[in-house]
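Note sheet for the following structure.
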Amino acid sequence: MKVLAAKERATFAAALITALIALVLRLAHGPTVVAFVISGVSLATLAGVVGMGTEQIGKRLSPGATGVLQGALGNLPELMVGIFSLRAGLVTVVQSALVGSILANTLLVLGLAFVAGGLKNGVQRFNKDQPRMIATLMMLAVSAITVPTLAANLHTAAERHIGDMSIAVSIVLLIVFACSIPVSLAPGDPISPDECSIPPEQHATWPTWLALAFLIIGAVLSAFVSDWFVDAMQPAIVQLHISQAFTGLVIVAIAGNAVENVVGIQFAIRNQQDYAVSLILNSALQVALALTPILCLLSFVIGGAHLTLVMPPLLVAALLLSTLVAIMVVNDGESIWLEGVALIGLYVIIAAAFWWG
């Protein structure tokens, strides 16, 4: 463990300690709100553990491959929370959390990365080809979610077959996702050294076995903590007087996206904007193209509530707005801190709209 920096050891220790406290609170039937908060903090720190392991493995990969790997493993806590929430019948929480994850990445996390990186490094440039491709696929995924919602709300003939329609759309999205992986793994044309204002920060490279150990420990503990988190969620929502929609959109989404919150912003601060943008947008894309359809299909076989792709209209409108804004900000291959402020501002406005339900 000598290869670990002090911050990395602190994150790993915090993950183990908070997971242990969450277990004790569950076994002792402790205060629900405290258990909910501790479980959420534990999920965030465990996501950080997974992120550290993935970042180390990513040192041996291209920016696109790093983004795919980070996004897939970073969304693991959200998958677990989604499964347990569906079994508990919390469909609104799951729908809001899925949309919230996309919003958190495309608006909040990308905005924080632009602000942090821009204030330190000035104008930052990145290869725009891959972000454009990701944004295009995001628009496809959002459109695919919009169609079942319109079919239901406009009372078309398809309204009577929403379950079957959701399954069909989910299968199509997963096929598109599978086709997108080889493109994401292809190396892009990186920014030339003279376009980079500062050299990237150097960190010790871990042995492969240590990085894999962090991934496995983080994944296994995330599965257990997700169950405890969902178990405490419903009574905590009642006691705190907050809506299921806000809980999913903000609290669950941010807790599950701690990996991108930390690692993506760190990449931007180091002026490694190719990695930052690829990682953050890939995570949002994987929620839309993979996590959402996977949870939809699983809901029909794991028991509990069925998750369809019929979303509340305000959630769909928020998705469309965030995707359009993301397309605009990555189109020129440059970012400044003011763009980040605008992204964060839009996220706060959308979150405020769901505060009351």
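What follows draws every value from the coordinates through simple rules; no lab data is involved. Everything numeric here is computed off the predicted structure, so don't read it as measured data. Note that we place each Cβ from the backbone using ideal geometry, even for glycine, and neighbour counts take in every protein chain shown.
General remarks:
- Here's the picture: charge each Lys and Arg Cβ at +1 and each Asp and Glu Cβ at -1 in region 6-353, and of 180, 205, 38 the one pushed furthest to the positive end of that dipole is 38.
- Rounded to the nearest whole Hz, the Karplus-based 3J(HN,Hα) values (6.51 cos²θ - 1.76 cosθ + 1.60, θ = phi - 60°) of region 122-139 follow the sequence x, 5, 10, 10, 8, 5, 8, 5, 5, x, 4, 4, 4, 4, 5, 5, 4, 5, with x at glycine and proline.
- Excluding the site residues themselves, the longest part of the chain lacking any chymotrypsin sites (Phe, Trp or Tyr not before Pro) in a DSSP loop with at most 12 other Cβ atoms within 10 Å is 1-354.
- Calculated [θ] (222 nm, deg cm²/dmol) that DSSP helices of n ≥ 4 give over the chain, each run adding -39,500 (n - 2.57): -23000 deg cm²/dmol
- The chain: C-alpha gyration tensor shape, a/c 1.5 cut-off, then a/b vs b/c: oblate
- Computed from phi, the 3J(HN,Hα) profile of region 321-332 under the Karplus parametrisation 6.51, -1.76, 1.60 (θ = phi - 60°) reads 4, 5, 5, 4, 5, 4, 4, 5, 6, 9, 5, 8 Hz, with x in place of Gly and Pro.
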